[in-house]
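The values are calculated or read from the model by the stated rules, or taken from the named source; none is laboratory data. What you see is a predicted model, and the numbers here were worked out from it, not measured in a lab. Cβ sites come from the backbone with ideal geometry, for glycine too, and all protein chains shown count toward neighbours. Note: areas computed on protein heavy atoms with side chains; ligands, DNA, RNA excluded. Shrake-Rupley method; radii C 1.70, N 1.55, O 1.52, S 1.80 Å.
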Amino acid sequence: MYGMINEGIRTFIINNHDEQTWETICQKAAVEGRSFDHMKSYDDSVTYDLVGAVSEHTGLSAGEVMAKFGSYWIDYAGSSSYGRLMKRAGDSFLERLAGLDDMHAQIKKSMPHLKPPSFQLEEIADRTYHLHYFSQRIGLDTMVVGLLDGLAEETGARIAVKQVAEKSETVDHSVFEIVLAH
């Protein structure tokens with residue numbers, strides 16, 4: 001993963017705890033250095049080790065950590081140079097969801113080794129949608145739930161989210177059901 005993800009985890013911990021907590025987490029994760037270059041690609045294991053160390057330190061499950069981080073990520077990425085790309089798709093929750101792949105395509109121009117996920121939004125009933133999430137990585141579904149919650153908060157939408165399919169050996173992607181409140 002690119003360093004921006006790991007740097008996001010760093011600021012998430014510092015903003016919610018302190019520098020000493022971050023130092024402790026880095027030691028538990030056996031991570032060299034204490035900050036990350038946004039544009040550099042790091043082995044995915046670094047991110048997973050950091051999440052594991054945060055989980056161990058906080059007593060939250062790795063899924064809970066990823067959900068909280070996903071929600072935080074919307075604000076973190078939005079305040080970065082990529083924030084304008086996020087907003088380019090539109091102001092509403094659904095417009096932003098529908099624009100995720102275009103946003104990743106634009107980011108990939110400056111990060112050629114990026115392996116972004118892909119998202120497809122499908123309306124299945126009035127105010128009910130399926131978000132199809134395709135990723136080469138495993139273990140990030142709860143982060144997607146957090147991202148959806150963070151995006152809803154940012155755009156003023158009220159949503160209910162539940163996962164209705166999980167990527168496995170027989171299923172090639174995960175699916176989240178999103179119901180927009182009236």
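A compact table of results
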item: Condition check for Glu23: in a loop (DSSP other than H, G, I, E, B), exposed (fewer than 15 other Cβ atoms within 10 Å of the Cβ) and without any contact (Cβ under 8 Å) to a residue 40 or more places away in the chain; result: no
item: Residue within the stretch 122-132 that is β-branched (Val, Ile, Thr), open to solvent by 60 Å² or more (accessible area, probe 1.4 Å) and assigned to a strand (DSSP E or B) present; result: yes
item: Near pairs, Cβ below 6 angstrom, 6+ apart or cross-chain, from the stretch 135-157 (over 14 Å from Tyr76 (Cα atoms)) to any residue that is open to solvent by 60 Å² or more (accessible area, probe 1.4 Å) and not in a helix (DSSP H, G or I); result: Gln136/Lys115
item: Criterion violated by Lys28 - all others in (1) closer than 28 Å to Lys162 by Cβ; (2) modelled with pLDDT of 95 or more; (3) in contact with an Asp or Glu (Cβ under 7 Å, 6 or more places away or on another chain) satisfied; result: (1)
item: Test: Lys68 is outside any loop (DSSP other than H, G, I, E, B), closer than 23 Å to Gln120 by Cβ and open to solvent by 70 Å² or more (accessible area, probe 1.4 Å); result: no
item: Set Ser45, Ser41, Ser35, Ser55: member being surrounded by fewer than 21 Cβ atoms within 10 Å (Cβ to Cβ) and touching a strand residue (DSSP E or B) at 6+ places or on another chain (Cβ under 7 Å); result: Ser41
item: Residue in the stretch 100-120 that is touching a Leu at 6+ places or on another chain (Cβ under 8 Å), open to solvent by 60 Å² or more (accessible area, probe 1.4 Å), modelled with pLDDT of 95 or more and under 30 Å from Tyr42 (Cβ atoms) present; result: yes
